[in-house]
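Undergrad: Take this structure, written in structure tokens, and hold onto it; I'll ask about it next.
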Amino acid sequence: MKTFPFIYNEPKEFLKFLQPKDWANFFLGEINPRFSVTATKAKVMDVIEETSDTKSIVLKPNWLWKGFKSGQHVPVTVEIAGRRITRFYSLSSHPSDKYIQITVKRQKGGLVSNFINQNIKKGDILELGDVSGDFILTKEIPKQLLFIAGGSGITPIHSLLKDLEKSKYDGKVTLLYFVRSYDDIILKTSLEKIKSNVKWLEIVYVFSDVPKEGYESGFLTKEILDKYNKDLKSTSVYVCGPSPMQTKALSLLEGVNVKSELFLLPNQNVNHVKKEGTVDVFLTLSHKTIQVKGEKSLLEELEEQGIYPQSGCRMGICHTCVCKKQTGSVTDLSNGEVSELGEENIQICVARAESNLELEL
């Protein structure tokens, strides 16, 4: 009679085989989808329509949630067509609020932002990661603050304004909010409520596309900065919004104390010299070789061939997609630098193939 060989000699090896945390998550999930021993899961308590293309998602996280500071962002994971996809969103709520909140604006071609706006409803479960970001207020808050927001860049600034309101701030704050039109103002009701509750806040809406009588129009200029803040050298400035607006702001504010939440998309037009045709990419962990054209980021070219590595921000910020390049050369799309041929860690969301590669994927 044959006996089944028991290969686990140590209790810890047997427990590792059983994966007790996975079993615990399974059974807890059957009781309540928000329960987990390893993942921060959050139940959608409400979905608020802010504008025609922006919604606030109110969330109740489980006991693993560690909290956040106003101005920080959080990775949010959703499942789309069987794929787990992560993106980073600023928290628009205040740390002391009963529930947390993210405010998501649809982006053209944005897989997750469009999915959240179209599909997420009350009662759904989202998975959250650890918060990060240093777009936060300093311990000693200056007596004069200028916030410059563009579009959905208002979300972390909204949280910072709520923080100032809660802390009984008594300085002076000016918010310059650049947005396409009056109907595109995000979190307007809450912004106006904060303004009515305090004496220190001035809100200036600036419409870039559809002017409205009684409001400023156009784009960020030195003239509008001087009009609403005549003493920039004594002011701390926070800037968040589309990269062209932020680049302009940083050039106008040279020599000023500026804190910027600058999310720059990779520059696909970085000049490079590459052989005609395709290059081979050997994935050492999955023992596959694929051909890529070297015209987009490695992440995009892998996804086009049905390979979906872990990723998050897709713009070189979160480092979720870091993998080891064992051989070959890539261009860093964020700065145009071409790497050496040898071994190094790369971010595949901002790396473009320049030669045959071996990746630890």
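The values are calculated or read from the model by the stated rules, or taken from the named source; none is laboratory data. These figures come from a predicted structure and were not determined experimentally. Cβ: placed from backbone, ideal geometry, glycine included. Neighbour counts: every protein chain shown. Heavy atoms of the whole protein, side chains included, go into the accessibility calculation; ligands, DNA and RNA do not. Shrake-Rupley method; radii C 1.70, N 1.55, O 1.52, S 1.80 Å.
Undergrad: Test of the criteria: in region 120-210, which trypsin sites (Lys or Arg not before Pro) are in a DSSP loop and have at most 15 other Cβ atoms within 10 angstrom of their Cβ?
TA: Lys121, Lys122, Lys139, Lys143, Lys168, Arg180, Lys199
Undergrad: Just how much of His94 is accessible, in Å², when a 1.4 Å probe is used and the result is rounded to the nearest 10?
TA: The value for His94 is about 20 Å².
Undergrad: Could I ask something else about it? Expressed in nm to one decimal, what extension gain is obtained for the pair Glu295 and Asn257 from 0.36 nm per residue of sequence separation less their Cα-Cα distance?
TA: Extra length available between Glu295 and Asn257 comes to 9.9 nm.
Undergrad: If you don't mind, another one. From the helices alone, meaning DSSP H stretches of at least four residues, give me the mean residue ellipticity at 222 nm for the chain, per-run term -39500 (n - 2.57), in deg cm²/dmol to the nearest 500.
TA: The helix-only estimate for the chain comes to -6000 deg cm²/dmol at 222 nm.
Undergrad: Express in Å², to the nearest 10, the accessible area of Tyr89 obtained by rolling a 1.4 Å probe over the protein heavy atoms while all chains stay in place.
TA: 30 Å²
Undergrad: Select from Thr278, Ser56, Ala351 the residue farthest towards the positive end of the dipole of the chain; place +1 on Cβ of Lys and Arg, -1 on Cβ of Asp and Glu, and compute about the Cα centre.
TA: Most positive-ward Cα: Ser56.
Undergrad: Quick one: net charge around Gly109, please, counting Lys, Arg +1 and Asp, Glu -1 for every other residue with C-beta under 15 Å from its C-beta.
TA: Once all neighbours under 15 Å are counted, the net charge is +2.
Undergrad: Before anything else, pin down the relative contact order of region 209-258: Cα pairs under 8 Å, at least 6 apart, normalised by residue count, whole percent. Let's see the in-between values first.
TA: Numbers: 27 pairs, mean separation 18.6, N = 50.
Result for region 209-258 is 37 percent.
Undergrad: In addition: In the chain, what percent of the accessible surface is made up of carbon and sulfur (1.4 Å probe, ligands and nucleic acids excluded)?
TA: Its accessible area is 51 percent carbon and sulfur atoms.
Undergrad: Also, I was wondering about something else. Within a Cβ distance under 13 Å of Lys324, other residues only, what is the Lys/Arg minus Asp/Glu net charge?
TA: Summing Lys/Arg as +1 and Asp/Glu as -1 gives -3.
Undergrad: While we're on this one: Sticking with the crude label model, points 7 Å out along Cα→Cβ, report the distance from Glu202 to Lys324 in nm, one decimal please.
TA: 5.7 nm
Undergrad: Between Asp209 and Ser243, what FRET efficiency comes out of the Förster formula 1/(1 + (r/R0)^6) with R0 = 25 Å and r the beta carbon distance, rounded to 0.05?
TA: Result of the calculation: an efficiency of 0.85.
Undergrad: Can I ask one more? So what's the Cα pair-distance distribution over the chain, bin width 10 Å, in %?
TA: In whole percents, the pair-distance histogram is 5, 20, 26, 24, 16, 6, 2, 1, 0, 0.
Undergrad: If you find the alpha carbon centre of region 333-361 and of region 184-239, how far apart are they in angstrom?
TA: First find each Cα centre; the distance between them is then 42 Å.
Undergrad: Sorted from largest down, give the three principal axis spans of the alpha carbons of region 91-206, whole angstrom values.
TA: Extents along the principal axes, in whole Å: 42, 32, 24.
Undergrad: Here's a follow-up. Work out the length of the dipole vector of the chain about its Cα centre, built from +1 on the beta-carbon of each Lys and Arg and -1 on the beta-carbon of each Asp and Glu, and round it to the nearest 20 debye.
TA: Roughly 1120 debye, rounded to the nearest 20.
Undergrad: So what are the ³J(HN,Hα) numbers for region 302-317, from phi and the Karplus equation (6.51, -1.76, 1.60; θ = phi - 60°), rounded to whole Hz, Gly and Pro as x?
TA: 5, 5, 4, 9, x, 10, 10, x, 4, 8, x, 6, 6, 9, x, 9
Undergrad: Evaluate E = 1/(1 + (r/R0)^6) for Lys172 and Tyr99, where r is the Cβ-Cβ distance and R0 equals 30 Å; express this FRET efficiency to the nearest 0.05.
TA: The pair Lys172/Tyr99 has a calculated efficiency of 0.45.
Undergrad: Probe of 1.4 angstrom, ligands and nucleic acids ignored: what's the accessible area per residue over the chain, in square angstrom?
TA: Each residue of the chain exposes 55 Å² on average to a 1.4 Å probe.
Undergrad: Sticking with this one: Simple spin-label model, 7 Å along Cα-to-Cβ: Asp134 to Glu223 in nm?
TA: Here the modelled spin labels are 3.7 nm apart.
Undergrad: So, counting K/R as plus one and D/E as minus one, what does the shell of residues with Cβ under 13 Å around His73 add up to?
TA: Around His73, the charge tally is -1.
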